[in-house]
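Below: the structure, in structure tokens.
Here, each number is a calculation from the coordinates, and none is a lab measurement. The model shown is predicted, which means the values in this text are computed figures rather than measured ones. Cβ placement follows ideal geometry from the backbone for every residue including glycine, while neighbour counts extend to all protein chains displayed.
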Amino acid sequence: MLTTEDIQWPPQKPKHPLIALAFGIDGEIVHTIVTYVPFYEMILNSSSIICKSDSCNTVEFIDKKGLSITTLTTTPLFGSVLASSPDIFVLSRRSDDNASVVDPGKHPWYRSVEAGWKYDENGILPL
């Protein structure tokens, strides 16, 4: 079982490469997070993410065979976002040793994306 502390970037030197993500629903960014590449890959490799509590503060990641990968206890907002099959945008990604940025995102403005920004089939739109 994972918690928010397990997936969010800590102030000390991280042991996995960092990645900044934006989650969107219906053309609007609803959440951003700096997390680890393995967590992002788990999201991508899950066939579904389902709420396991009424408030959706606990979600379960399900693999393509219908088996549980793990559960995550987080905020109701982030749990609900994950369970809604959001569009996911990579804002930036660091190298394996976190020494440099290897993917600065699709556009320069990706460095300042926040909830409320709009997006379409071309990506996140600048304000």
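Quick notes on this one:
- Just so you know, in the stretch 7-41 the residues that are without any contact (Cβ under 8 Å) to a residue 60 or more places away in the chain and more than 13 Å from the chain's Cα centre (by Cα) include one that is farthest from Gly116 (Cα to Cα), and it is Lys15.
- Restricting attention to the stretch 51-80 and to residues that are in contact with a Cys (Cβ under 9 Å, 6 or more places away or on another chain) and of a type in the set (A, V, I, L, M), the residue that is nearest to Trp117 (Cα to Cα) turns out to be Leu77.
- Failed criterion for Ala115 (all others in (1) under 17 Å from Ile7 (Cα atoms); (2) in contact (Cβ under 8 Å) with a residue 60 or more places away in the chain hold): (1)
- A search for C-beta distances below 7 Å between a residue of the stretch 88-100 that is under 18 Å from Ile29 (Cβ atoms) and any residue that is assigned to a loop (DSSP other than H, G, I, E, B) and of a type in the set (A, V, I, L, M), counting only pairs 6+ apart in sequence or on different chains, returns Leu91/Val113.
- Only one of Thr70, Thr75 that is touching a strand residue (DSSP E or B) at 6+ places or on another chain (Cβ under 7 Å) and surrounded by 12 or more Cβ atoms within 10 Å (Cβ to Cβ): Thr70
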